[in-house]
Each structure stands twice: as structure tokens, then as C-alpha cells.
Amino acid sequence: MAIKCIGVLTSGGDAPGMNAAIRAVTRTAIFNGYAVKGIMRGYHGLMTGEIKEFKSQSVSNIIQQGGTILKTARSKEFRTAEGRKIAYENMRKEGIDALVVIGGDGTLSGAQTFASEFDIPIVGLPGTIDNDLDGTDETIGYDTALNTIVDAVDKLRDTASSHERLFFVEVMGNTAGYLALNGAIASGAEAAIIPERETEVDQLAELIHNGFRKSKNSAIVLVAENPTTGGAMGLAERIKKEFPEFDARVTILGHLQRGGSPTAKDRILASKMGAMAIQALSEGQRNVMIGIKNGELVYVPFKRAISHSTHVDLSDLEIIKILSI
Ligand code: F6P
């Protein structure tokens with residue numbers, strides 16, 4: 001069936017650059033003769049019918065804004081077969097023939113299930129600060145979040161060095177250590193504690209026993225939020241009990257990392273991927289995420305994108321160690 005109308009939605013955790021992606025999808029679709037509908041609140045809006053016709057002006061003046069003008073949600077109902085049936089019926093009612101979904105692994109796995117049950121072409125864009133999707137070197141929002149982390153750690157460094165303290169800075173990342181690892185390299189931190197290594201070693205004990213403060217009296221450690229790492233609070237508790245000679249403090253960056261105006265890099269990534277999503281649908285592609293590999297835009301099957309088979313480069317931990325002597 002020829003596609004006439006494309007629906008666009010954002011789902012899961014918001015990420016800076018999602019608006020730039022919505023803008024690119026909308027305008028490229030209109031340029032190519034498609035009608036566009038904006039679906040509010042992710043899959044939830046598809047079920048409740050919160051859907052608006054989008055014109056070129058609907059996406060004016062948003063490229064610089066963080067968050068998502070389409071709002072977002074994590075829909076429990078869409079995880080049920082009944083919920084997805086209602087969503088499909090609403091799509092038909094609205095005359096939407098294809099979808100562009102922007103979000104992380106939850107969003108793409110929802111799309112994969114939806115597409116397997118109904119005959120709908122869906123293209124995904126990787127929108128998450130976590131950078132935890134396979135088949136793409138970067139996700140939309142990751143660069144902005146990294147820069148936010150670096151700004152925050154630069155500020156914390158003043159107090160850490162003035163008071164000669166050990167700071168545990170907790171960053172997001174869900175099950176992946178990309179933000180902690182690359183945030184640590186970019187901010188010159190002493191260490192990154194990440195879920196990818198937690199089953200192998202006790203990273204805190206290793207850090208202390210390696211004598212991490214050989215040439216200085218303060219230290220900053222980036223910790224990925226994850227039950228396996230214990231989080232920044234858990235590590236500070238352990239310091240109190242096991243290594244009371246250190247004066248440790250905790251800063252949890254939390255949702256600060258998801259906000260703010262997207263960096264130029266994220267705007268460019270989102271704009272190119274958004275345009276490519278429409279090209280993909282025109283070419284008859286379906287059930288693929290747009291990725292970027294070695295500077296080239298590529299199609300990644302949903303199954304691979306959400307496989308979690310690519311991980312952080314653990315040898316980067318050695319770089320952090322060497323650069324902090
Ligand atoms: O997936 C993005 C993310 O920010 C994760 O890093 C984090 O674990 C999670 O979302 C937090 O979700 P919420 O905003 O629903 O608390």
C-alpha cells in the first residue's frame with residue numbers, strides 16, 4: 001500500500017535533539033509530498049487518539065529546544081495486545097499509513113512487536129541519552145548529556161580540590177556505562193564505575209587499593225546509576241564503613257542530564273537521521289532504526305538495535321587510570 005500519511009511520535013525518556021528530529025521528519029515528509037501527523041505522548045497518544053495534523057510551521061523554532069514538543073510517556077498499556085490493537089485501530093481511523101518512532105530500546109522493542117502484529121511500516125530513530133543501542137555509534141541526546149556532565153564535574157572539581165574530598169558523581173545510563181566512561185575521560189575524573197565490569201571485580205576496592213590519589217588529595221569518580229554498581233550513595237556508604245580515612249561526598253546529576261538545548265552535534269545527527277527516516281520509508285524500508293556508523297547513515301534492523309550486544313570499550317578504563325596519575 002502506498003504511504004500517504006506518516007505519524008511521528010517520541011516515547012520513553014526525553015533526550016535533547018528529539019525536537020530537531022521531529023522537525024526534520026516533518027519537513028522532509030512534507031517536502032516529499034506526504035501528510036504528517038504528530039502523535040502526542042508516545043504510544044499512549046496512539047491509543048487515546050491524541051493526534052494532530054502537522055504542517056511545516058508546527059515545527060518552527062524548536063530545533064534549539066530540549067525535551068519534546070510531542071511530549072513523551074512510558075506506556076504500560078501498549079505492552080498489552082489489547083492496547084496495541086486499539087493503537088492500530090486509531091492509526092487506521094486517522095489515516096496514518098506509517099510511523100516514525102523516536103526513542104530508546106523500550107520504544108524500538110514496542111515498535112518491533114507492533115510491526116510484527118500488524119502490517120505497518122515503522123522506522124525508528126535512536127533518541128536516548130544512554131547511547132545503548134546497537135548499530136549506531138551515537139544516539140540523539142548522548143552528546144548533549146555528556147557535555148552537561150562535563151560542565152557539572154568542572155564545577156564540582158573546585159570544591160573537591162579545595163576540601164580535598166572524594167566525590168562520587170552519579171550519572172544516568174540505565175544498564176550502560178557510556179555516560180560514566182566517556183564523561184570520566186572528558187572531565188578528567190580519576191575513575192568510572194560501570195555496570196559492565198561489576199560482575200568481574202569490586203571496582204571500589206580496586207580503586208582504593210590502587211592508591212588513586214598518588215599525586216593529589218582530591219578525586220572525582222563517575223558512577224553509573226545501576227543496582228550492580230551500588231550507585232553513588234551505596235559507594236559513599238561503603239567508604240564510611242570500609243575506608244573511613246576518606247571524606248566522601250555524593251552528587252547525583254539525575255534528570256539535569258536529560259534537559260537543555262541540544263549541542264550542534266546532536267542537532268546535526270537528529271536532522272540527518274530525521275531526513276533519512278523519510279527516505280527509508282520511501283524506499284520501502286520497514287522495521288529498521290537509522291544509525292550512524294563511521295559517518296555513514298545506515299539501516300539497522302530493530303532486532304539488532306535492541307540486542308545489547310555491543311558494549312563500552314573496557315580498555316578506555318585504562319586510559320582514565322593512566323591520565324589521572
Ligand atoms: O533511558 C533514559 C534514562 O534517562 C535512563 O538513563 C534512566 O535510567 C531512566 O531513563 C530514568 O527514567 P525516568 O525518567 O522514567 O525516571
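Would region 93-103 turn up any residue that is within 12 Å of the ligand (Cβ to nearest atom), at pLDDT 95 or above, closer than 28 Å to A192 by Cβ and in a loop (DSSP other than H, G, I, E, B)?
So far as region 93-103 goes, no, none of its residues is within 12 Å of the ligand (Cβ to nearest atom), at pLDDT 95 or above, closer than 28 Å to A192 by Cβ and in a loop (DSSP other than H, G, I, E, B).
How about region 263-298: which of its residues are touching a strand residue (DSSP E or B) at 6+ places or on another chain (Cβ under 8 Å) and either farther than 23 Å from K37 by Cα or of a type in the set (K, R) (or both)? Outline the logic, then answer.
First pass over region 263-298, keeping only residues touching a strand residue (DSSP E or B) at 6+ places or on another chain (Cβ under 8 Å): 266, 269-270, 272-274, 276-278, 280-281, 285-292, 297-298.
Scanning region 263-298 gives D266, K272, R286, G291, I292, L297, V298.
Quick one: which residue in A98, A152, A111, A87 is under 17 Å from the mean Cα position of the chain (by Cα), buried (at least 17 other Cβ atoms within 10 Å of the Cβ) and touching a residue at least 24 places away in the same chain (Cβ under 8 Å)?
Only one candidate qualifies: A111.
I'm trying to understand the selection: among the residues of region 175-188, which are out of contact with any strand residue (DSSP E or B) (no Cβ under 6 Å at 6 or more places or on another chain) and either among the aliphatic types (A, V, I, L, M) or crowded, with 19+ Cβ neighbours inside 10 Å (or both)?
Listed by number, the residues that qualify are A176, Y178, N182, I185, A186, S187.
Could you list, in sequence order, the residues of region 70-84 that are polar (S, T, N, Q) and surrounded by 17 or more Cβ atoms within 10 Å (Cβ to Cβ)?
Within region 70-84, T72, S75 meet the criteria.
Could you identify the single residue in L156, L204 that is assigned to a helix (DSSP H, G or I), at negative phi, of a type in the set (A, V, I, L, M, F, W, C) and out of contact with any helix residue (DSSP H, G or I) (no Cβ under 8 Å at 6 or more places or on another chain)?
L156
With V59, V8, V36 as the choices, which residue is under 18 Å from V123 (Cβ atoms), in contact with a Lys or Arg (Cβ under 6 Å, 6 or more places away or on another chain), modelled with pLDDT of 95 or more and surrounded by 18 or more Cβ atoms within 10 Å (Cβ to Cβ)?
Working: V8 fails: in contact with a Lys or Arg (Cβ under 6 Å, 6 or more places away or on another chain); V36 fails: in contact with a Lys or Arg (Cβ under 6 Å, 6 or more places away or on another chain).
Criteria check complete, one pass: V59.
Go through (1) among the aliphatic types (A, V, I, L, M); (2) modelled with pLDDT of 95 or more; (3) in contact with a Lys or Arg (Cβ under 8 Å, 6 or more places away or on another chain) and name the single condition L204 misses.
Just one mismatch for L204, condition (2).
Taking region 161-201, which residues are within 16 Å of the ligand (Cβ to nearest atom) and assigned to a loop (DSSP other than H, G, I, E, B)?
M172, G173, N174, T175, A176, G177, I194
Take K265 and tell me if it is in contact with a Ser or Thr (Cβ under 9 Å, 6 or more places away or on another chain), under 27 Å from S109 (Cβ atoms) and part of a helix (DSSP H, G or I).
The answer is yes for K265.
The values are calculated or read from the model by the stated rules, or taken from the named source; none is laboratory data. Note that the structure is predicted; figures quoted are calculated from it, not measured. No Cβ is skipped: glycine too gets one built from the backbone with ideal geometry, and neighbour counts run over all protein chains shown.
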